[in-house]
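The values are calculated or read from the model by the stated rules, or taken from the named source; none is laboratory data. Everything quoted here is computed from the prediction, not taken from an experiment. Please note: Cβ atoms are built from the backbone with ideal geometry, for glycine as well, and neighbour counts cover all protein chains shown.
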Amino acid sequence: MQRLILYSMIMMLGLVQAQAADEEAPAPASSAYISLGDPMVLNLSGTKRLTFLQLSADVLISDDDAEETIKTHVPAIRHILIMLLSEQKAGDIKSPTRREEIRQQVTIQAKALIADLSGSEDISDILFSSILVQ
């Protein structure tokens with residue numbers, strides 16, 4: 001019986017905390033994710049044997065109106081990804097810390113590219129949705 005009461009109290013505490021977090025969080029803007037298409041397969045350097053990277057990525061846009069602009073420039077964003085990632089060593093891609101640094105570099109370069117091409121800052125972030133090093 002005591003376990004049941006304790007369990008009930010823990011559940012109620014979790015619900016109260018979740019509700020408080022929902023109330024504190026600002027309402028999200030009309031953001032959306034746009035896929036950069038099929039997974040990219042690249043050769044990586046830094047090892048004696050041939051190493052491949054397969055990567056899928058998505059773009060987070062801050063405004064639904066930016067979707068057409070980003071879809072128009074997907075090939076240019078993929079080019080940035082390919083150029084930056086193909087310079088990496090296989091060991092760097094396997095490190096979560098280094099992978100995050102690379103993702104941030106890609107995001108910065110993609111934001112600059114879109115700003116140059118369209119005059120707007122439509123990209124909020126670029127996320128790697130899958131990574132496979134083999």
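Between Q109, Q104, which is at pLDDT 90 or above, under 15 Å from the mean Cα position of the chain (by Cα), loosely packed, with under 15 Cβ neighbours inside 10 Å and not in a loop (DSSP other than H, G, I, E, B)?
Details: Q109 fails: loosely packed, with under 15 Cβ neighbours inside 10 Å.
Testing whether each residue is at pLDDT 90 or above, under 15 Å from the mean Cα position of the chain (by Cα), loosely packed, with under 15 Cβ neighbours inside 10 Å and not in a loop (DSSP other than H, G, I, E, B) leaves just Q104.
Looking only at the stretch 57-72, which residues are closer than 29 Å to Q134 by Cα and in contact with a helix residue (DSSP H, G or I) (Cβ under 7 Å, 6 or more places away or on another chain)? Let's see the steps before the verdict.
We begin by selecting, within the stretch 57-72, every residue closer than 29 Å to Q134 by Cα; these are 57-60.
Scanning the stretch 57-72 gives A57, V59.
Just for the stretch 84-93: of the residues that are assigned to a helix (DSSP H, G or I) and not polar (S, T, N, Q), which one is nearest to I108 (Cα to Cα)?
Kept after step one, since they are assigned to a helix (DSSP H, G or I), are these residues of the stretch 84-93: 84-86, 90-93.
From what is left, the residues that are not polar (S, T, N, Q) are 84-85, 90-93.
Numbers: L84: 12, L85: 14, A90: 22, G91: 22, D92: 19, I93: 18 Å.
Step by step, filter the stretch 84-93, then rank; the result is L84.
Restricted to the stretch 61-83, and to residues that are aliphatic (A, V, I, L, M) and surrounded by 16 or more Cβ atoms within 10 Å (Cβ to Cβ), which residue is farthest from V106 (Cα to Cα)? If you could, list the steps in order and put the result at the bottom.
The initial filter retains those residues of the stretch 61-83 that are aliphatic (A, V, I, L, M), namely 61, 66, 70, 74, 76-77, 80-83.
Now restrict to residues that are surrounded by 16 or more Cβ atoms within 10 Å (Cβ to Cβ): 61, 66, 70, 77, 80-81.
On the way: I61: 15, A66: 19, I70: 15, I77: 9, I80: 7, L81: 6 Å.
Per the criteria, the residue is A66.
State yes or no: is A76 over 15 Å from the mean Cα position of the chain (by Cα), modelled with pLDDT under 90, part of a helix (DSSP H, G or I) and of a type in the set (A, V, I, L, M)? Write out each step before concluding.
Values: over 15 Å from the mean Cα position of the chain (by Cα): yes; modelled with pLDDT under 90: no; part of a helix (DSSP H, G or I): yes; of a type in the set (A, V, I, L, M): yes.
When the stated conditions are applied, A76 does not pass them.
Tell me, which residue of the stretch 34-51 that is surrounded by 13 or more Cβ atoms within 10 Å (Cβ to Cβ) and not in a loop (DSSP other than H, G, I, E, B) is nearest to the chain's Cα centre (by Cα)?
Looking at the filtered set, the residue picked out is I34.
Loosely packed, with under 12 Cβ neighbours inside 10 Å, more than 13 Å from the chain's Cα centre (by Cα) and in a helix (DSSP H, G or I): does that describe T97?
Numbers: loosely packed, with under 12 Cβ neighbours inside 10 Å: yes; more than 13 Å from the chain's Cα centre (by Cα): yes; in a helix (DSSP H, G or I): yes.
So T97 passes the test.
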